[in-house]
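Worksheet for the structure shown next.
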Amino acid sequence: MYRARTGRRPLEITPEMLERIRGAKEQVEGQHAKDIYCPKCRRLLMRKYTDAAGHIDCRCTKCGEAFVVDLFSWRKVK
Ligand SMILES: [Zn+2]
């Protein structure tokens, strides 16, 4: 289940990382985006694009609810 990151130093952003971030933004241009909201308080948690698949573990920063989201079908798996 979800574990908060603690005690980590901030990453140093390298030119390669910046290039990857820019490349990812270009790759999703024109794709349909789907917003995923917290099931408890309806806060926007993330935006999913059509090529996303698999499951992610997340926690709402507003209410603290933790859950697993099936990205393929957008279903919540408790
Ligand atoms: Zn919430």
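The values are calculated or read from the model by the stated rules, or taken from the named source; none is laboratory data. Here the structure is a predicted model, which means the values were calculated and not measured. Cβ: placed from backbone, ideal geometry, glycine included. Neighbour counts: every protein chain shown.
In the stretch 49-68, of all residues being within 9 Å of the ligand (Cβ to nearest atom) and under 13 Å from the mean Cα position of the chain (by Cα), the one that is surrounded by the most Cβ atoms within 10 Å (Cβ to Cβ) corresponds to Cys60.
Residues to consider are Lys48, Lys40; find the one that is out of contact with any strand residue (DSSP E or B) (no Cβ under 8 Å at 6 or more places or on another chain) and at pLDDT 90 or above. I'd like the intermediate steps shown before the answer.
Working: Lys48 fails: out of contact with any strand residue (DSSP E or B) (no Cβ under 8 Å at 6 or more places or on another chain).
That would be Lys40, the only listed residue that is out of contact with any strand residue (DSSP E or B) (no Cβ under 8 Å at 6 or more places or on another chain) and at pLDDT 90 or above.
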